[in-house]
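Since the structure comes first, as structure tokens, the remarks are kept for the end.
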Amino acid sequence: MRFDIITIFPTLFDSFLNESLIKKSVDKKINRFLIHDLRKWAKGKHHQVDDRPFGGGAGMVLMAEPIIKALKHISIKALKHKNKITNNKQQITNNKTLTILLSPAGKQFNQKMAEKFSKYDQIIFICGRYEGIDARVEKFVDEKISIGPYVLNGGEVAAMVMIEAVARLQPGFVGNCESLKEESFNNDKKEYPQYTRPEVLAVNNKKMKVPPVLMSGDHKKIKEWREKNSKK
Ligand code: ADE
């Protein structure tokens, strides 16, 4: 799957994309990440990407023009006007690009959305700044998404959260398929408590023991214990 990220802070993504399983998925050609510095599409020698809001008010607003130009560059399909796309069923089925604007005012992200989004060939993320983004950009996006009911400085961290949730659902991402299967089997259940060595942990003169059933080797009893201890 291809991920395109439009941001004014491209280096924020460096270590996120160059560590652990995300990096391995790039090496295995399961995922591709392209970071686009919005200033590349800005006018003037200062590469200005924001300006004061019409009508007054505090803060600066990200300008629509550089973002629309960036989208045009990244995907011609993404430029299709939202209304045109909904009026043309043929285009919906062929449209494998999803354009997402990260915003605290968007629909709240969840695992079901992650699964739906993981079926696309390409996702373009537009990272807004908390002060705002020219509303005309919304005509060029498919979804406006928030990662939770709180306000961040911008969409970058939110994009990373969504990328991790979607990228790990790509076939071959998780070495051990069992863990993903178990996860979807668990569905809305929270996971059961897990333990690893040592069997007895001494902290502040107290001994913290692993539940004996997990040391019993009795797989049926272990399964029952895990089901009982999974919280909804
Ligand atoms: N930008 C600022 N806050 C955000 C949030 N909660 N989700 C997505 N983008 C954001």
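The values are calculated or read from the model by the stated rules, or taken from the named source; none is laboratory data. This one's a predicted model, so the numbers in the text were calculated from it and none came from an experiment. Here Cβ is always computed from backbone atoms with ideal geometry, including for glycine, and neighbour counts include all displayed protein chains. Ligands, DNA and RNA are excluded from the accessible area calculation, which covers all protein heavy atoms including side chains. Shrake-Rupley method; radii C 1.70, N 1.55, O 1.52, S 1.80 Å.
For Gly59, the criteria (1) away from the ligand (no atom under 16 Å from the Cβ); (2) over 22 Å from Glu143 (Cα atoms); (3) at pLDDT below 95 hold in every case but one, which is (1).
Scanning region 140-153 for residues that are more than 6 Å from the ligand (Cβ to nearest atom) and under 24 Å from Thr11 (Cβ atoms), we see that the one that is least open to solvent (accessible area, probe 1.4 Å) is Ile145.
Condition first: at pLDDT below 95 and assigned to a helix (DSSP H, G or I). Now tell me which residues in region 87-118 satisfy that. Across region 87-118, the qualifying residues are Lys89, Gln90, Gln91, Ile92, Thr93, Asn94.
Restricted to region 116-134, and to residues there that are open to solvent by 60 Å² or more (accessible area, probe 1.4 Å) and closer than 20 Å to Asp37 by Cα, the residue that is nearest to the ligand (Cβ to nearest atom) is Tyr130.
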